[in-house]
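As C-alpha cells, the structure follows; a few thoughts come after it.
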Amino acid sequence: MSLVYFVLAAYGLTQLLVYAKIFDKIRPSYYLFHCPMCMGFHVGWFLWAINGQTELFTYEYSITTALILGCVSSGTSYIGNMIFGDQGINFKMWGEK
C-alpha cells in the first residue's frame, strides 16, 4: 500500500510543479520544469529523501532505492499525465478523434 501512496504523492506533486498557475511567475523556463517525466524523476528521489518524515511510505535509504523510486515516479507521473487532463480522461489516447 505504501507504493500506492508514493505514486499518488509523486503524481500530485509533479502536476503541481509542472502545471500549477501559482508557480507560473517563479517557474524557470528550463525544459525540466515543463516536462512531467523529467520533473517526476526528481520528485521521486525528493520524496525518497524525505520519506523518514512521513508514515505514508517508508523506504530504505540507499542510492539504488532512490534511483528506482525516481524511475517509478517518472513513469507513473508521465502515464498519469497522458491519461488525465484538465477535461478528464484523454480519449484521444484510446483512438478516438
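Rg over Rh for the range 2-57 works out to 1.01, both radii taken from alpha-carbon positions and Rh defined as the Kirkwood radius. Of the trypsin sites (Lys or Arg not before Pro) found in the range 1-93, the ones in coil according to DSSP and having at most 14 other Cβ atoms within 10 Å of their Cβ are 25. Computed from the Kirkwood radius of its Cα pairs, the Stokes-Einstein diffusion coefficient for the chain at 4 °C and 1.567 mPa s stands at 92 µm²/s. Judged by a Cβ-Cβ distance under 4.7 Å, the unpaired cysteines of the chain are 71. As a length-normalised measure over Cα pairs under 8 Å and 6 or more apart, the relative contact order of the chain settles at 32 percent. Think of a 1.4 Å ball rolled over the protein heavy atoms: the chain then has 70 Å² of accessible area per residue. Amide H to amide H distances under 5 Å link residue 84 with 90, where only residues 5 or more positions off or on other chains count and H is placed in the peptide plane. Pair-distance distribution P(r) for the range 27-75, from all Cα-Cα distances in 5 Å bins starting at 0: 5, 25, 25, 21, 13, 9, 2 percent.
The values are calculated or read from the model by the stated rules, or taken from the named source; none is laboratory data. As the structure is a computational prediction, the values presented were derived from the model and not from experiment. Every residue, glycine among them, receives a Cβ derived from its backbone with ideal geometry; neighbour counts consider all protein chains shown. Each accessible area value is taken on the protein alone, full model and side chains, heavy atoms only, with ligands, DNA and RNA left out. Shrake-Rupley method; radii C 1.70, N 1.55, O 1.52, S 1.80 Å.
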